[in-house]
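Report on one structure; see the data block that follows.
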Amino acid sequence: MGLGLLASRALRPAASRLLRYPPRHGLARAIGSTPERQSPEASAAQAQPDPAPELPPRKPVAGARVHLPNPEDAIEVFVDGYPVKIPKGMTVLQACEVAGVDIPRFCYHNRLSIAGNCRMCLVEVEKSPKPVASCAMPALPGMKIKTDTPIAKKAREGVMEFLLMNHPLDCPICDQGGECDLQDQSMAFGSDRGRFTEVKRSVVDKNLGPLVKTVMTRCIQCTRCVRFATEIAGVQDLGVLGRGSGEEIGTYVEKLMTSELSGNVIDICPVGALTSKPFAFKARNWELKGTETIDVTDAVGSNIRIDSRGPEVLRILPRLNEDINEEWISDKTRFCYDGLKRQRLNDPMIRGADGRFQAVSWHDALAMVGEVIHKVGPEEIVGVAGKLSDAESMMALKDFLNRMGSNNVMCEGNGKHPNADLRSGYIMNTGIAGLEKADVFLLVGTQPRVEAAMVNARIRKTVRATHAKVGYIGPPTDSNYDHEHLGTGPQTLTELAEGRHPFCSTLKNAKNPAIIVGAGLFEREDSDAIFSAIETIAKNGNVVRPDWNGYNVLLLHAAQAAALDLGLVPQSPDSIKSAKFVYLMGADDINLKDIPDDAFVVYQGHHGDQSVYRANVILPASAFSEKEGTYENTEGCIQQTLPAVPTVGDARDDWKIVRALSEVAGVQLPYDSVGGIRSRIWTVAPNLVSVDEREPTTFSTTTMRPNTNQKISPNDFGMAVENFYMTDAITRASKIMAQCSAMLLKK
Amino acid sequence: MAWRGQLTKNLRELRFLFCQSSPASSSARSFVENNYKELKTLNPKLPILIRECRGTEPQLWVRYDFGVEKGIRLEGLSEEQIFKALKEFAKL
Amino acid sequence: MLARLAAKRLHEIRHVFRQSPQVSRSLSTALNYHIDSPDNNPDLPWEFSDANKSKVKEIMSHYPSNYKQSAVIPLLDLAQQQHGGWLPVSAMNAVAKVIEVAPIRVFEVATFYSMFNRTKVGKYHLLVCGTTPCMIRGSREIESALLKHLGVKRNEVTKDGLFSVGEMECMGCCVNAPMITVADYSNGSEGYTYNYYEDVTPERVVEIVELLRRGEKLPPGTQNPKRTKCGPEGGNTTLLSEPKPPLCRDLDAC
């Protein structure tokens, strides 16, 4: 308090001090003399400038790494006095990001084209008469950029004031509250009061489908959604209609957003104009716990963040991964979460004599299975791993059934005669990011738009950027890039292999040709012959070289790659038709009619989907959001899921159930911890242990596969995925997916 | 070399693990490169899994019935030695 | 106290201005989104007439072949003339097919410009200039006279489908203010005319409407018989002789 009094005394203006303390000797003004005024030499001594102040080193925004493709071509600009080296062609905004200064923006997005219409990124550049839009201005060498001067600050306040003028006061009811760019930037860069006393305009809401909720009054016309739909999703549905303050973003005619990437506009919209309809009014973002995990609805393994509150998964957001999914996820990935709440198996059950299930304890269920499995012969035991199984549980299943004497463990979707020998025969050797370097694509029996939407987005990115040519063999389909429909079946393939087709010359002249084969071809009887034809095409087109491997297989399910890596190859292809004991680990898409009526079926899974109706014993397991599991995506990158929510009821992890069962059955597996399983996997397929890594393959099937005498059958290629929205147990249980498939599928 | 076609009598699975680039695995790599096609043509039903991973020691694993597995390290072994080891495994 | 008086006065002034007869001062005749109706929905077929097909080809030849979309505005204008003054959704879709772009791009252009009518207009679409010079010369009275005579609101079509009234921006006849223009859609795109009728008075404008109703054509231009073109009544008082040439300068002196 005493110090405060001193401070307040010091703060009193000097004039009043003069009045209070009258000067002595009648002097009304104090005359001071400084050394400079006394002699010229002293002033020269003072004239030396202070040494330049030490500028603290700066790091680029968000820890980004700056890549200078041509070190000689780097130019130097000054951001707030700090010199920074950037590649030629970068904009002023990107140069400021390299220097660690985050400039506010609404319409600029680093994956979309530059619009420059929000004007929030205005900064002052020396020698420029007015502030420049940093997102659009290329940085020239020697430019002096100032981001914290009064002009820049006034510009930002002004722009913010204009943006808020017609923006409704919806924050309490708007879903974007808490993660809204407008809120954050107005707190950081806006002024504290507005001067708008007129009536705000309002805009009619548009119906974009069951996924995207629109409140168009909140729209600030940044056009990010229009550019996303045009460029990345490839559907030109959204546009800017009208002009001036009556501008509206809409589809003009009533059109639903049917693109499989339509959910990404929810992330992209900086305000609450486009939000997630299923997530509307459910939670605020600060209540949610985010868990970084991997998506398993398709084989891409997009990186996601599961936002959960307590035991419930409330929404799924994408995570940045430049190599796999950039920052987009497909609609199926984003909205399948409500299937995790429905049709869950939570207690072990045994089917009684009357055909009805009865909940029992784990002890009883495992004891029953252990008893039955000893009554059948080893060649009558069959194990089938499902689409969503992780590597640890598949390893445990294979080990357990091998120890019981069975060699018939397989995975769904790999066909009857999977060839798991050479890894290059079933993964995307080019890598998803590597597809950007390709200049000719040959799609054989695959429709990437419905099978792996992120791979399709990458192909579209390449086609847009470099006008790559795409040839497609399969049933007629609409894709969001220009492609040449070469044919519908194996005849075209034979023509290409023998060099008779005109597309062969395109392949030969290509610098980096890429062949993408669909995993739907695994199910064909003549798969060996088809693959050898494709390998001939690859050899003729010089697709596989030491510096470029363009031979790719696009898998359909999350578990396929790991299953083939672990060697889940059945010894006899039709073993299931003569089986007496069938162990289905999440396998819902096998043909249940193949199972003989007297076979004992154990179903271990998390949803009561289809196979449950044939099962004799149900063992509840946890879903991908509740367990830590290793998944390998279609390009061979190993990723791990993390548990976001606790599991349901009495369900356990898959591998733990198998381990317990093995003990009850008398063939105890030698590991009982995750580390133990991983060491075991390390002796089978060591690449499955190195997480977030992609192991390149050494030997290619084009040279190493033995010749086959199979004849190609004339049947045309079919569609591997009939309904994009309903492909596995989780999506089939989801209400949102049911709505989507009713409203959004193109008939 | 008739035993090469009889591998499926006793073996259920054959696995070659090696590193893509290290010199220790070079003999394993060349063995696979030279002999995989022949072995597979003679035993089309036998899964011969080739698994490469950076930093792995070269190993050969075989699996018999009832999950019994045996493996040896292939470091420093020449092609004939690897064949001899395989023959040993196939007999048991 | 002064602030209260000022606020009261401001309120009074605002109240006066709120009494203007026009309810909505929108320029465009339609909303920025489409509502299906029996005569305007995407399923109705629409094509350029045979005569217009050659015009379309001629228009497209003005633009480079890889920038066909530059022809969107002239083609939309032609489609509007053909369809009797307004653009149904199917016409916009047809234009999109001709210039090979997605339909939304054509919708964007059509909604931007207020001269593209996206709802029905009358065969004679009367446009009154409402910008400042015309306004201070009484365009508001012209408009209210027209609306009262025809018995419609702005942008509404009369029951016989012949007339509709809209507001237009300045058309450059400020010397002959106030003025109206008549967009004549009664003969399709061959007989399309867009004529100005200047120096109108509320009585004269009603006479013009009746003349048009009887199907007569009257010469466009100033409706004041005492004026010729934009000269004053009674003839010019300036510019009576040849203009004086510029002063002769010695150009080599610099």
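Data overview
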read-out: Count of residues meeting criterion [out of contact with any Leu (no Cβ under 7 Å at 6 or more places or on another chain) and either within 9 Å of chain A (Cβ to nearest Cβ) or closer than 23 Å to residue A:636 by Cα (or both)] in the stretch B:27-38; value: 6
read-out: Residue A:534 outside the structural domain of residue A:642 (by TED's automatic domain parsing) and either touching a residue at least 12 places away in the same chain (Cβ under 8 Å) or out of contact with any Leu (no Cβ under 8 Å at 6 or more places or on another chain) (or both); value: yes
read-out: Helices (runs of 4 or more DSSP H) wholly inside the stretch A:459-576 that include at least 3 residues being closer than 30 Å to residue A:681 by Cβ; value: A:527-540, A:560-566
read-out: In the stretch B:40-62, the residues that are surrounded by fewer than 18 Cβ atoms within 10 Å (Cβ to Cβ), within 7 Å of chain A (Cβ to nearest Cβ) and assigned to a helix (DSSP H, G or I); value: B:41
read-out: Counted residues, the stretch A:358-375 - those being under 14 Å from residue A:620 (Cβ atoms) and either touching a helix residue (DSSP H, G or I) at 6+ places or on another chain (Cβ under 8 Å) or crowded, with 17+ Cβ neighbours inside 10 Å (or both); value: 5
read-out: Scope the stretch A:612-632; condition under 15 Å from residue A:674 (Cβ atoms) and among the basic types (Lys, Arg); matching residues; value: A:627
read-out: Hey, residue C:165 modelled with pLDDT of 90 or more, of a type in the set (Val, Ile, Thr), in contact with a Lys or Arg (Cβ under 8 Å, 6 or more places away or on another chain) and not in a loop (DSSP other than H, G, I, E, B) or not; value: yes
read-out: Whichever residue in the stretch A:108-161 is of a type in the set (S, T, N, Q) and in contact (Cβ under 8 Å) with a residue 60 or more places away in the chain and, among such residues, is nearest to residue A:458 (Cα to Cα); value: A:113
read-out: Any pair with Cβ under 6 angstrom, 6 or more apart, that starts in the stretch A:694-719 at a residue that is more than 12 Å from chain B (Cβ to nearest Cβ) and ends at one that is in a loop (DSSP other than H, G, I, E, B); value: A:712/A:526; A:713/A:526; A:716/A:488; A:716/A:489; A:717/A:445; A:717/A:474; A:717/A:489; A:719/A:475
read-out: Matching option when the condition is surrounded by 10 or more Cβ atoms within 10 Å (Cβ to Cβ) and closer than 25 Å to residue C:153 by Cβ, among C:207, C:190, C:203; value: C:207
read-out: Output for the stretch A:308-367, where each listed residue is hydrophobic (A, V, I, L, M, F, W, C) and within 23 Å of residue A:740 (Cα to Cα); value: A:313, A:314, A:316, A:317, A:328, A:329, A:335, A:336, A:340
read-out: For residue A:435: the one exception among (1) touching a His at 6+ places or on another chain (Cβ under 9 Å); (2) part of a helix (DSSP H, G or I); value: (1)
read-out: Of all residues in the stretch A:668-684 being away from chain B (no Cβ under 11 Å) and under 18 Å from residue B:18 (Cα atoms), the one that is surrounded by the fewest Cβ atoms within 10 Å (Cβ to Cβ); value: A:679
read-out: Single match in A:511, A:469 (criterion: modelled with pLDDT under 95 and surrounded by fewer than 16 Cβ atoms within 10 Å (Cβ to Cβ)); value: A:511
read-out: Flag for residue A:699 being of a type outside the set (Asp, Glu), touching a Phe, Trp or Tyr at 6+ places or on another chain (Cβ under 8 Å) and outside any helix (DSSP H, G or I); value: yes
read-out: Residues satisfying the stated conditions in the stretch B:9-29, i.e. of a type in the set (S, T, N, Q) and either within 11 Å of residue B:61 (Cα to Cα) or assigned to a loop (DSSP other than H, G, I, E, B) (or both); value: B:20, B:21, B:22
read-out: Subset of the stretch A:683-693 (residues that are without any contact (Cβ under 8 Å) to a residue 60 or more places away in the chain and either touching a Leu at 6+ places or on another chain (Cβ under 9 Å) or among the β-branched types (Val, Ile, Thr) (or both)); value: A:683, A:686, A:689
read-out: Some residue of the stretch C:100-114 being more than 14 Å from every other protein chain (Cβ to nearest Cβ) and hydrophobic (A, V, I, L, M, F, W, C); value: no
read-out: Some residue of the stretch A:414-431 being outside the structural domain of residue A:655 (by TED's automatic domain parsing), assigned to a helix (DSSP H, G or I) and aliphatic (A, V, I, L, M); value: no
read-out: The stretch A:314-351, residues that are surrounded by fewer than 23 Cβ atoms within 10 Å (Cβ to Cβ) and among the β-branched types (Val, Ile, Thr); value: A:350
read-out: Residue selected from the stretch A:362-409 under the condition polar (S, T, N, Q) and over 23 Å from residue A:640 (Cβ atoms), by the criterion nearest to the other protein chains (Cβ to nearest Cβ); value: A:402
read-out: Given (1) buried (at least 19 other Cβ atoms within 10 Å of the Cβ); (2) outside any loop (DSSP other than H, G, I, E, B), index of the condition residue A:184 fails; value: (1)
read-out: In the stretch C:73-94, the residues that are within 10 Å of residue C:48 (Cα to Cα) and small (Gly, Ala, Ser); value: C:79, C:91, C:94
read-out: Residue count for the stretch A:246-285, restricted to those that are within 14 Å of chain C (Cβ to nearest Cβ) and assigned to a helix (DSSP H, G or I); value: 1
read-out: All positions within the stretch A:427-461 that are over 16 Å from residue A:636 (Cβ atoms), surrounded by fewer than 21 Cβ atoms within 10 Å (Cβ to Cβ) and not acidic (Asp, Glu); value: A:437, A:461
read-out: Some residue of the stretch A:582-604 being crowded, with 24+ Cβ neighbours inside 10 Å, small (Gly, Ala, Ser) and in a helix (DSSP H, G or I); value: no
read-out: Total residues in the stretch A:202-237, condition in contact (Cβ under 8 Å) with a residue 24 or more places away in the chain and within 28 Å of residue A:165 (Cβ to Cβ); value: 23
read-out: Condition check for residue A:208: closer than 20 Å to residue A:240 by Cβ and assigned to a helix (DSSP H, G or I); value: no
read-out: Sole exception among (1) surrounded by 22 or more Cβ atoms within 10 Å (Cβ to Cβ); (2) in contact with a Ser or Thr (Cβ under 7 Å, 6 or more places away or on another chain); (3) within 14 Å of another protein chain (Cβ to nearest Cβ) for residue A:205, by number; value: (1)
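The values are calculated or read from the model by the stated rules, or taken from the named source; none is laboratory data. All figures in this text were calculated on a predicted structure; none of them were measured in a lab. Backbone-built Cβ (ideal geometry, glycine too); neighbour counts: all protein chains shown.
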